[in-house]
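The block underneath contains the structure these notes are about, expressed in structure tokens.
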Amino acid sequence: MNSEQEILEQLKESGHRFTGKRKEVIDLFIEYKDRYLTAKDVYEHVEKVYPSISHDTIYRTLALLEQEHLIEELEYGDEACRYRLSCGPEHHHHLVCLGCGATKVLHGCPMEFMEIDQEDFTVVNHRFEIFGYCSTCRLSGRGQEGGGQK
């Protein structure tokens, strides 16, 4: 799902309104569809158009978009959660740049190679991301240990 119109239709079908503030959030995710963004990134973008927007509105909008499977959430180890436009319903994983937040979809799944034979545990879901630095960040010097997205 990559267009504003598709997202609008899904929100309407789910009984949600498509407000100007939600449009700004969605447009930002569409513009940066291959990057993870923090709630702060989203807030700073929307605040330019709607100076009185609250952080609560941003968090509620992110929660709604995640609930509707329009965005995906990722917890960076010691940092804030980050969000990106959903890649779609097919099972996949990502390469994630710690410098700029860029992502690339990985096809195939490492779970295929794991032998999980536990009688007292049933796997119902999993996530797998590989963190590192893209070539642009490495060349610009952001690809240093301890670096991160601004």
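The values are calculated or read from the model by the stated rules, or taken from the named source; none is laboratory data. Just so we're clear, the structure is a prediction, and the values are computed from it rather than from any experiment. Cβ placement follows ideal geometry from the backbone for every residue including glycine, while neighbour counts extend to all protein chains displayed. Side chains included, ligands, DNA and RNA excluded: accessible areas come from the protein's heavy atoms. Shrake-Rupley method; radii C 1.70, N 1.55, O 1.52, S 1.80 Å.
Tell me which residues, restricted to the range 25-37, are farther than 14 Å from Arg60 by Cα and crowded, with 16+ Cβ neighbours inside 10 Å.
Leu28, Phe29, Tyr32, Arg35, Tyr36, Leu37
At pLDDT 90 or above and assigned to a helix (DSSP H, G or I): does that describe Glu24?
Details: at pLDDT 90 or above: yes; assigned to a helix (DSSP H, G or I): yes.
So Glu24 fits the description; yes.
Every residue in the range 84-137 that is open to solvent by 20 Å² or more (accessible area, probe 1.4 Å) and part of a helix (DSSP H, G or I), please.
Within the range 84-137, Pro110, Met111, Glu112, Phe113, Ser135, Thr136 meet the criteria.
Looking at the structure I just gave you, is Leu8 over 13 Å from the mean Cα position of the chain (by Cα), assigned to a helix (DSSP H, G or I) and surrounded by 13 or more Cβ atoms within 10 Å (Cβ to Cβ)?
It is true that Leu8 is over 13 Å from the mean Cα position of the chain (by Cα), assigned to a helix (DSSP H, G or I) and surrounded by 13 or more Cβ atoms within 10 Å (Cβ to Cβ).
Please enumerate the residues belonging to the range 72-82 that are open to solvent by less than 20 Å² (accessible area, probe 1.4 Å) and either aromatic (Phe, Trp, Tyr) or assigned to a loop (DSSP other than H, G, I, E, B) (or both). Explain how you work it out, then say what you get.
Step one: list which residues in the range 72-82 are open to solvent by less than 20 Å² (accessible area, probe 1.4 Å), which gives 74, 76, 82.
Residue satisfying the conditions is Tyr76 alone.
Just the residues that are of a type outside the set (Lys, Arg) and either at pLDDT below 85 or loosely packed, with under 12 Cβ neighbours inside 10 Å (or both), please, taken from the range 138-150.
Leu139, Gly141, Gly143, Gln144, Glu145, Gly146, Gly147, Gly148, Gln149
Checking His45 against (1) within 24 Å of Lys104 (Cα to Cα); (2) open to solvent by 60 Å² or more (accessible area, probe 1.4 Å); (3) free of Cβ contacts under 8 Å to residues at least 40 places away in the same chain; (4) not hydroxyl-bearing (Ser, Thr, Tyr), which single condition isn't satisfied?
Condition (2) is where His45 drops out.
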